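These notes are about the structure you will find just below.
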Amino acid sequence: IAEVVTESVPQAITPNGDGANDQLIIHGIEFFPQSTLEIFNRWGHEVGRMVGYANDWDGHSDGKPLPAGTYYYLLKLNADAQPIKGYVQIEY
């Protein structure tokens, strides 16, 4: 299942409210209720941290939409797992 999760992280979201690709959906994440997802901007500042990720990150940080661009993530499926690293593009 971990391989399915790793391969299913999308590389872009378009949080424009049209109902398509508005959130970062990671298929299979529901099998990892202790997962942690951290999102960073290009300068390495954390702009999001979710424990028990529920496929609900929509490109906002502190209630405000983040600018279009590339963001980097660390996804830990559980405490013993090596982090999965990657990026996601926010496009409007």
request  = Could you list all residues from region 68-92 that are closer than 22 Å to Gly19 by Cβ and open to solvent by 30 Å² or more (accessible area, probe 1.4 Å)?
outcome  = Ala68, Gln89, Glu91, Tyr92
ask   = Within region 31-81, how many residues turn out to be in contact with a Lys or Arg (Cβ under 8 Å, 6 or more places away or on another chain) and assigned to a loop (DSSP other than H, G, I, E, B)?
value = 1
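A quick yes/no check of all residues on (1) in contact (Cβ under 8 Å) with a residue 24 or more places away in the chain; (2) within 16 Å of Ala81 (Cβ to Cβ):
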{"site": "Glu7", "(1), (2)": "no, yes"}
{"site": "Pro10", "(1), (2)": "yes, no"}
{"site": "Asn16", "(1), (2)": "yes, no"}
{"site": "Ala20", "(1), (2)": "no, no"}
{"site": "Ile25", "(1), (2)": "yes, no"}
{"site": "Gln34", "(1), (2)": "yes, yes"}
{"site": "Phe40", "(1), (2)": "yes, no"}
{"site": "Asp62", "(1), (2)": "no, no"}
inquiry  = Looking only at region 41-66, count every residue that is over 16 Å from Asn21 (Cα atoms) and not acidic (Asp, Glu) and tell me the total.
reply    = 15
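The values are calculated or read from the model by the stated rules, or taken from the named source; none is laboratory data. Just so we're clear, the structure is a prediction, and the values are computed from it rather than from any experiment. Counting neighbours? That spans all protein chains shown, and the Cβs are built from the backbone with ideal geometry, glycine included. Ligands, DNA and RNA are stripped out before the accessible areas are found, and what is left, the full protein with its side chains, is counted by its heavy atoms. Shrake-Rupley method; radii C 1.70, N 1.55, O 1.52, S 1.80 Å.
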